[in-house]
Amino acid sequence: MKRAFKLVKVFVLFTFVLSCSKKDSKDVTKEPEQVVTHVATDYPTGTSSSNPNAIIPGSGVMMQAFYWDVTEGGVWWSTLAVKVDEWAADGIDAIWIPPVSKGQSGKFSMGYDPADYFDFGDFDQHGTIQTRFGNREELDNLIEKAHDNNIAVIADMVINHNSGGDLESNEFQGEQTYTLFNVPSGLFNRNKHDFLPNGERGEDSGRFAGFPDMDLDSEYVQSWMWKSEQSIANYYMNTLGIDGWRFDFVKGYSPRIVKDWVATMGGFAVGESFDGNLSGVIQPWVNETGLSAFDFPNFFNMRDAFNGSNLQRLEAASLFSTIPDKAVTFVGNHDTENRQDNDLDFPNAFELHAYAYILMAPGYPTIFYSHYERSGTEKKDGIRQLIQIRKELAAGDWTVLFAEADEFLASRNGDANKDGLVLYLNISESEVSREVQTHWADLNLKDYTGSSAASITVDADGIATLTAPANGYAIWSVE
């Protein structure tokens, strides 16, 4: 009886354990409830595709075709359309235009507060129909005029953050947030699930100025951004006729986002990372994406050199000195121009020196609209001349020949089609001369800027004594 009782106890215990294990197993494998973040009609369809006819720039010079707070009133697209014929003749092969879609600030918006990516001046929202820059018809006309001149159109893509949504209760942030976007275009509606933090991903380091921070790892967001036929990227490239991309604030999201975007869509692409740290920030981003970046390290090197009267600072490492084919160089832009909230721009006295430097050096140079069109005829003619000299002479490796506080000389050794050059910068109050080793021999040289009328002979060993005018520059090459 005792043995039988023991067997009964064992059986009961086994049955209890088995029933518990079945219950636990059922709880673990239970399918989680599906959270509906968007209705079916919100999702895009189709697959994106690149445009084989997109213009790929790089042999000429890019124009940043705006400045901060350009003329209001919807006239900017038409203003630019009048200029592209002349710019093409001057050597411009790409125009970088401001964000083309409607921002929260409506007719006052410079586009960096994107609200509806598919409103190009078509819908009455945020207090206006047209954008600050104009309407859809005027944008189309500008792009057509640019293409008629074989000029690529580079769109400024602000994808890290949005602005202008309605309030909604947001349990992920514990408060109401402006994250509800039911936009008049009906394309790419968004809500709290499409911004960080949300139910799948937490806050990241990319929040900009308190704006809702887009969740660029969301499949829904990626589909609308660049993966679907209805996506922003596909529409911009294949309907508007955009040729390439300038990615704003790339510090705010993973490099793989733009890498995948460009791998899918193609086109010229450059990232904006406002940072002078070459080895820690700019170069790793370029290496990871394989794309070009604005050469902020070179910008800060030039600013320090010219402001501090120490041209040796130009020898500091930059993107063009390390990965020249990925460097987009510049002297100023809408973020660095002198305004009340910064002090980054070059003094007017040295802007042409800086343009001589970037236009003779490797990399893809950018001309700032304000320097070209708003600083007077003398400066515009100076930049125009430098663009032509670059086109005729600048090729080959870059070598610094001499650098001290007031003087800087560097050479390009040319190629099969171009003779190369020697750039001579001088920021002293007197004309200077310097004996240097050139890559030529037994030839006569002239200064292509016209600052010096002298003809200088290079001896059989390649030695020449070159000159540069007071507070100026000379560009020497084969006569």
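The values are calculated or read from the model by the stated rules, or taken from the named source; none is laboratory data. Note that the structure is predicted; figures quoted are calculated from it, not measured. Glycine also receives a Cβ, built like all others from the backbone with ideal geometry; neighbour counts cover every protein chain displayed.
The table for this structure:
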{"read-out": "Residue match in the range 374-382 (condition: farther than 26 Å from TRP87 by Cβ and part of a loop (DSSP other than H, G, I, E, B))", "value": "no"}
{"read-out": "Among residues of the range 203-226, those that are crowded, with 22+ Cβ neighbours inside 10 Å and either among the hydrophobic types (A, V, I, L, M, F, W, C) or farther than 27 Å from GLU168 by Cα (or both), counted", "value": "5"}
{"read-out": "Looking only at the range 306-316, and only at residues there that are free of Cβ contacts under 8 Å to residues at least 40 places away in the same chain and farther than 15 Å from SER279 by Cα, the one that is surrounded by the fewest Cβ atoms within 10 Å (Cβ to Cβ)", "value": "GLY308"}
{"read-out": "Flag for ALA263 being within 25 Å of ILE56 (Cα to Cα), of a type in the set (Gly, Ala, Ser) and in a strand (DSSP E or B)", "value": "no"}
{"read-out": "Qualifying residue in the range 344-355 (condition: outside any loop (DSSP other than H, G, I, E, B), in contact with a Phe, Trp or Tyr (Cβ under 7 Å, 6 or more places away or on another chain), more than 22 Å from ILE97 (Cβ to Cβ) and free of Cβ contacts under 8 Å to residues at least 60 places away in the same chain)", "value": "yes"}
{"read-out": "GLY91 being under 22 Å from the mean Cα position of the chain (by Cα), within 24 Å of SER231 (Cβ to Cβ) and buried (at least 18 other Cβ atoms within 10 Å of the Cβ)", "value": "no"}
{"read-out": "Selection count, the range 322-351, where residues are modelled with pLDDT of 95 or more, touching a Leu at 6+ places or on another chain (Cβ under 9 Å) and surrounded by fewer than 22 Cβ atoms within 10 Å (Cβ to Cβ)", "value": "1"}
{"read-out": "Residue check, ALA460 of a type in the set (A, V, I, L, M), surrounded by 13 or more Cβ atoms within 10 Å (Cβ to Cβ), assigned to a loop (DSSP other than H, G, I, E, B) and not assigned by TED's automatic domain parsing to the domain that holds ALA361", "value": "no"}
{"read-out": "Tally, over the range 119-170, of residues that are crowded, with 20+ Cβ neighbours inside 10 Å, β-branched (Val, Ile, Thr) and more than 21 Å from the chain's Cα centre (by Cα)", "value": "1"}
{"read-out": "Any hit, the range 235-258, residues being over 16 Å from the mean Cα position of the chain (by Cα), on the phi < 0 side of the Ramachandran plot, buried (at least 23 other Cβ atoms within 10 Å of the Cβ) and part of a helix (DSSP H, G or I)", "value": "yes"}
{"read-out": "So LEU319, is it buried (at least 22 other Cβ atoms within 10 Å of the Cβ), over 26 Å from ALA81 (Cβ atoms) and not assigned by TED's automatic domain parsing to the domain that holds PRO469", "value": "yes"}
{"read-out": "Those residues of the range 92-130 which are within 14 Å of GLU72 (Cα to Cα) and hydroxyl-bearing (Ser, Thr, Tyr), in sequence order", "value": "SER105, SER109, THR128"}
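For (1) in the same structural domain as ALA94 (by TED's automatic domain parsing); (2) touching a His at 6+ places or on another chain (Cβ under 7 Å); (3) not aliphatic (A, V, I, L, M), each residue gets a yes or a no:
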| position | (1), (2), (3) |
| --- | --- |
| ASP381 | yes, no, yes |
| GLN388 | yes, no, yes |
| PHE408 | no, no, yes |
| ASN413 | no, yes, yes |
| ALA416 | no, no, no |
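Okay, residues lined up against (1) more than 19 Å from ALA305 (Cα to Cα); (2) surrounded by 17 or more Cβ atoms within 10 Å (Cβ to Cβ); (3) among the charged types (D, E, K, R); (4) at pLDDT 95 or above:
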position: TRP398; (1), (2), (3), (4): no, yes, no, yes
position: GLU407; (1), (2), (3), (4): no, yes, yes, yes
position: ASP419; (1), (2), (3), (4): yes, yes, yes, yes
position: ILE427; (1), (2), (3), (4): no, yes, no, yes
position: ASN444; (1), (2), (3), (4): yes, no, no, yes
position: GLY450; (1), (2), (3), (4): yes, no, no, yes
position: ALA454; (1), (2), (3), (4): yes, no, no, no
position: GLY472; (1), (2), (3), (4): no, yes, no, yes
position: TRP476; (1), (2), (3), (4): yes, yes, no, yes
